[in-house]
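The values are calculated or read from the model by the stated rules, or taken from the named source; none is laboratory data. If you're wondering where the values come from, they're calculated on a predicted model, not measured in any experiment. FYI the Cβ positions are ideal-geometry reconstructions off the backbone, even for glycines, and counts take in every protein chain you see.
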Amino acid sequence: MTTTYVQPTEIADRVTTEGWAIAKNRLDADEIHSARTLIAAHFQAGKGVLLNGAKVQPAAAHFVPGLAWLYAHPQIIEVARAALGTRDIAFTGHSDAHQGFTLGWHKDSGSEALEDPLCGYFGESPETLFQGPPEVVKVGIYLQESTSINCLRVDPGSHLRPHLQPVRPTEVLMEAGDVVVFDVRITHAGATAPYPDSPELDALRERISAFVTFGQSGERTRHFSQANMRRQQRQLGLSGEAVMTTDGGHAALLASQDVLVWEEN
Ligand SMILES: O=C(O)CCC(=O)C(=O)O
């Protein structure tokens, strides 16, 4: 299945029905270069955590020096607002940076398949969670061209069903500078790890991406945000206070664009 692009005005419709959409040309070449350089330098310095051989920085807006702007970029906020169909949005506190990351099919809402009957971060039953338009969306910023080897995969429509078995696996093929926005309930997967000495491994090691999650301001998003922040803190081995006192500057940038910042409340 091939990837299709949508106009900005179609983003809300597409995310509501299919669970995901691509927004073209949101970052310029200098911004992509800066973000790649800052994330690569951070991991090169031995920072972040190792996850299945990949380098991961949870709460990257706080912890990757100089990168806060990316998570509060006006174009990223515009895409989140378009997907959520409202200006009244909140930053959930989730911001990741990845290098060399691979991950199988999963949902960012948590799921029954992860032995969580209340579907993870929302604390709701599947009967209520997998209904209705998106309330929490993740923006994926891939800092290189996305190809069949290194791309995100999504299962369109799976934000409205609890099970994890993909029905229509679809490659998300993008240019650097495009961003993808998806409902956190959608079933998705990262790049697939090839066999040990595959020539594709080099491309995967150079795969650098960033993710940030916003929701409609409201109780469901707040619940997601609190549970998700607890997970980030566990990954970091930090207490809540330690995360909140490290200020990357993103909170001020977000607040200046009228985005609510839960972690400050
Ligand atoms: O690496 C990717 O393309 C996907 C990452 C992902 O699925 C996640 O962070 O939840």
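Counting only strands (runs of 3 or more DSSP E) that fall entirely inside the range 115-174 and contain at least 1 residues that are surrounded by fewer than 16 Cβ atoms within 10 Å (Cβ to Cβ), at pLDDT 95 or above and aromatic (Phe, Trp, Tyr), no element qualifies. Evaluation of ILE77 against the conditions (1) of a type in the set (Val, Ile, Thr); (2) surrounded by 22 or more Cβ atoms within 10 Å (Cβ to Cβ); (3) not in a helix (DSSP H, G or I) shows that the sole unmet condition is (3). As for the range 114-131, it holds at least one residue that is without any contact (Cβ under 8 Å) to a residue 12 or more places away in the chain and within 13 Å of the ligand (Cβ to nearest atom). Give just the number: which of (1) assigned to a helix (DSSP H, G or I); (2) at pLDDT 90 or above; (3) buried (at least 18 other Cβ atoms within 10 Å of the Cβ) does ALA210 not satisfy? Only one criterion is unmet by ALA210, namely (1). Among the conditions (1) closer than 24 Å to GLY123 by Cβ; (2) within 16 Å of the ligand (Cβ to nearest atom); (3) more than 18 Å from the chain's Cα centre (by Cα), the only one that PHE182 does not satisfy is (3). Just one of the numbered conditions (1) over 18 Å from the mean Cα position of the chain (by Cα); (2) within 15 Å of the ligand (Cβ to nearest atom) is not true of ASP202: (2). Taking first residues from the range 55-81 that are among the acidic types (Asp, Glu) and partners that are surrounded by fewer than 24 Cβ atoms within 10 Å (Cβ to Cβ) and in a helix (DSSP H, G or I), the Cβ contacts under 9 Å between residues at least 6 apart in sequence or on separate chains come to GLU78/PRO8. Scan the range 60-73 for residues that are assigned to a helix (DSSP H, G or I) and over 16 Å from the mean Cα position of the chain (by Cα) and the total you get is 1.
Residue check, ALA83 against (1) touching a strand residue (DSSP E or B) at 6+ places or on another chain (Cβ under 7 Å); (2) of a type outside the set (Phe, Trp, Tyr); (3) over 23 Å from PRO166 (Cβ atoms), all met but one. Which one? Looking at each condition in turn, ALA83 falls short on (3).
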